[in-house]
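The values are calculated or read from the model by the stated rules, or taken from the named source; none is laboratory data. In this text, all values refer to a predicted model and were calculated from it rather than measured experimentally. Backbone-built Cβ (ideal geometry, glycine too); neighbour counts: all protein chains shown. The protein model used for the area step is the full one, side chains on, heavy atoms only, and it has no ligands, DNA or RNA in it. Shrake-Rupley method; radii C 1.70, N 1.55, O 1.52, S 1.80 Å.
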Amino acid sequence: MILAAAGMLGVITRTGGNLVLLGQVGFCSGVEIDSGVWVTLRWRTPLRYAAVCGLLVAFGTHWVSVRRGREPVGQTIARVPVAAVLLAHGSGALIMALELGADRYCWTTLDESGLLRGVLAFLIADVALVLAALCALAAVRVPRHRLRRLARSRRFQRAAAGATMSGLLCFLPIADLGSGPVTGLDACGSKEPLSLRGELPFLCNARRSFPTMPDHHLLAYGRKQCEAYPNIRVDVSLIVPICPAAARQWDREIAAEEAEIERSNAANQAACDRFRHRPLITPVGVVRDLLWSEIGLTAFEDHELTSDEPPTLHHDLVGSTPGHLAIGSSSESQICLTAETYRSRPPIEVKKWNKVVEIGYESPTGNFVIVDPLSGSGPVSNLAFLGKGRYRVRVHYREPVWAQDLPQHILVMVFPGASERVIVHKR
């Protein structure tokens, strides 16, 4: 009973989800077989949590029958709950223990994914309950002369031979879990595996999650998931290179996404053109761009005076330090960016803009280019048209029109000026 209580405590306190995560890791086929068999039996969970109660029933039944002189009846009744405990706790523990012992790659996968400790806790808890059930069976064992007579009977011998052959046939697939060649990422090249088809792209794609699995094991698992598509237990991107059905669906979804992006870009470009800024005086240069940025826009000049710390934004719009300028924007909308340079101070424009802020900027290198900091590219040319020195930067901002799905607008005017004052023309 001490063993049973300890095992039950392990089942109750064990962190949930270990078996589910293990099935997602894959390549431990014994565990998948065990869960696949039991998933159709809704009474496995009640059996698991009733283990201690079942053993108590077995103990109490046997004790009462002995007291009343009906020991054979008590022995028979006691074996029923004990057998249920063995069935519920012994099958999974046995299959998992055999696979961990036979397939070192299953062990490696669990160790790399951080699930090994949970699996070992699962084994320890179930082994404790199995040992308790075996002790109970020993307590109600059949006398030895009856066991010898049973073992010598033809019926028992035939049943034992059949069970032995069935067991061998069941565990023969484990022999295929041995080591084999492992294709490394150095053989994959620079192309995106999901854009290609075949075994090598599949292996290259799978290596991101399973760096040590042998090739034949990975391919067997991938083909098995392809046969079950669309009812699969992995992300569909894993099997796209070797599964035509999944590849067709994947290509349709990608094509639909690309068409939607093109439609959205065309609509936003039309909005940029419709609300294009018309300068009140002739600029030195004008550059326009349609872009998307998740963290705003920036200009960063590689110089000893340039600070790596981002500037503080004034009114969440623009900020600067020597060699570093930042412009805030919404990450949920594309940006219609216009950058204009002037030789003299342009007229102030606040109509139709939500914010207008003017600050000073010092260019230590004369290479003042506003870009998306994540992509680092764009058609905006060098705004320090007079070379290194001090400039004034006036930033205009118009919010997106969310109801019509129209982009946000940013207009940047750059002109000579030594002042460092921050002037808020509209907030």
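Within the stretch 266-287, the set of residues being open to solvent by 60 Å² or more (accessible area, probe 1.4 Å) and either at positive phi or in contact with a Leu (Cβ under 7 Å, 6 or more places away or on another chain) (or both) comprises just one member, GLN269. Against the condition within 30 Å of GLY222 (Cβ to Cβ), in contact with a helix residue (DSSP H, G or I) (Cβ under 9 Å, 6 or more places away or on another chain), crowded, with 18+ Cβ neighbours inside 10 Å and in contact (Cβ under 8 Å) with a residue 12 or more places away in the chain, how does CYS243 come out, does it pass? So CYS243 fits the description; yes.
Looking across the stretch 200-216, the residues that are in a helix (DSSP H, G or I) and buried (at least 20 other Cβ atoms within 10 Å of the Cβ) come down to PRO201, PHE202, LEU203, CYS204, ASN205, ALA206. Select from the stretch 276-302 the residues that are over 19 Å from GLU332 (Cβ atoms) and in contact with a strand residue (DSSP E or B) (Cβ under 9 Å, 6 or more places away or on another chain) and list them in ascending order. The answer is ARG276, HIS277, PRO279, PRO283, VAL284, GLY285, VAL286, VAL287, ARG288, ALA299, PHE300, GLU301. Looking across the stretch 368-427 at every residue that is in contact (Cβ under 8 Å) with a residue 24 or more places away in the chain and in contact with a helix residue (DSSP H, G or I) (Cβ under 9 Å, 6 or more places away or on another chain), the one that is most open to solvent (accessible area, probe 1.4 Å) is identified as ASP405. Mind listing whichever residues of the stretch 348-361 are surrounded by fewer than 21 Cβ atoms within 10 Å (Cβ to Cβ) and either of a type in the set (A, V, I, L, M) or touching a Pro at 6+ places or on another chain (Cβ under 9 Å) (or both)? Answer for the stretch 348-361, where residues must be surrounded by fewer than 21 Cβ atoms within 10 Å (Cβ to Cβ) and either of a type in the set (A, V, I, L, M) or touching a Pro at 6+ places or on another chain (Cβ under 9 Å) (or both): ILE348, VAL350. Of the residues making up the stretch 299-314, those that are over 36 Å from the mean Cα position of the chain (by Cα) and open to solvent by 70 Å² or more (accessible area, probe 1.4 Å) number 3.
Among the strands (runs of 3 or more DSSP E) contained in the stretch 332-427, which hold 3 or more residues that are within 39 Å of the chain's Cα centre (by Cα)?
The qualifying strands (runs of 3 or more DSSP E) are 335-341, 408-416.
Quick one: count up the residues across the stretch 217-252 that are closer than 30 Å to TRP292 by Cβ, part of a helix (DSSP H, G or I) and within 20 Å of the chain's Cα centre (by Cα).
Residues that pass the stated criteria total 7.
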